[in-house]
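The values are calculated or read from the model by the stated rules, or taken from the named source; none is laboratory data. Since we're looking at a predicted model, the values are computed, not measured. We place every Cβ from the backbone using ideal geometry, glycine too, and count neighbours over all the protein chains shown.
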Amino acid sequence: MAGLVAFRTRDAPAKQTFASRVLQFTLEDPVSQLLIMIATAVVAFLLGRLTARPLIRRLRQALADAAWWLSHDQLTGMLNRTGFYAAHTALAAMSRPVVILLIDLDCFKPVNDTHGHDTGDNLLSRSVTASAKPPKLSAGPPPACPVTSSPSCCPSETTTTPAPPPLFLNAIAQPVQLATDDTPATVTITASIGMTVAETSDPIDEVALRRADIAMYHAKHAGGNRYTVYEPGMTMPTSEPRRGPRLRDLRQQRRGLTA
């Protein structure tokens, strides 16, 4: 006769280790829970900072580039009108006369029309680069010149005529070899420079740039490849009489006839 015997056993309680007792105490203690939360937040912050650091660096660089381009010309990299105004404001704190040079390239349009706009842009960039570093304006240590574009302004130790305009003219008049669609072309271009000395308290547009502009047109009217210093009472030179009516006037006359 076969029989089945069933044994019913009771699980023995597991032996609690020291580490488990510490963990249980830690989880039940409010202060320990607060410390764990703080440590978790600190670790998460540090990991997030390390992960976001490259992104922050790229954003800072993009912001710096955008701020730089706001005050610089995209073609030549020189200061634009906004940057020129900012530099003039910085020079105003020096309370010294400022030399304004207004540079205009002579006969640039024929080069641009003959060789194309890309070649013209290259020539313009090369010409501006040649005149980008203003020479010393007076004896002694060279003054700080934050503006290196055209127009250019730098502090002057004296109100007498400084020497750099011929150096600008010579630098710009150097032959430049440019790549064209057909073959490389050597181009020589000149410049007309108007120069004036103004106080930093003078309005930049109405006085300083206006005087430099008048002097520049006198240099261009005299044949170009030269500079003219503004003198008190100087006005715009009279333009040569036109050879026949303007195209705009002819078009207006035709509209009047057809109307």
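Please go through (1) assigned by TED's automatic domain parsing to the domain that holds L178; (2) assigned to a loop (DSSP other than H, G, I, E, B) for G77 and return the number of the only condition it doesn't satisfy.
(1)
Yes or no, residue by residue, for (1) at pLDDT 90 or above; (2) in contact with a strand residue (DSSP E or B) (Cβ under 7 Å, 6 or more places away or on another chain); (3) more than 12 Å from L101 (Cβ to Cβ):
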residue: T160; (1), (2), (3): no, no, yes
residue: Q174; (1), (2), (3): no, no, yes
residue: T180; (1), (2), (3): no, no, yes
residue: T228; (1), (2), (3): yes, yes, no
residue: E231; (1), (2), (3): yes, no, yes
residue: M234; (1), (2), (3): yes, no, yes
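Six or more apart or on different chains, Cβ under 7 Å: which pairs go from a residue in the stretch 109-120 that's more than 17 Å from T190 (Cβ to Cβ) to one that's charged (D, E, K, R) and not in a helix (DSSP H, G or I)? Could you list them?
Close Cβ pairs satisfying both conditions: G116/D181.
Would a scan of the stretch 81-97 turn up a residue that is modelled with pLDDT of 80 or more and closer than 21 Å to S192 by Cα?
Checked the stretch 81-97: at least one residue is modelled with pLDDT of 80 or more and closer than 21 Å to S192 by Cα.
Could you please let me know if Q61 is over 30 Å from L124 (Cα atoms) and either at pLDDT below 80 or of a type in the set (S, T, N, Q) (or both)?
Values: over 30 Å from L124 (Cα atoms): no; either at pLDDT below 80 or of a type in the set (S, T, N, Q) (or both): yes.
No, not satisfied.
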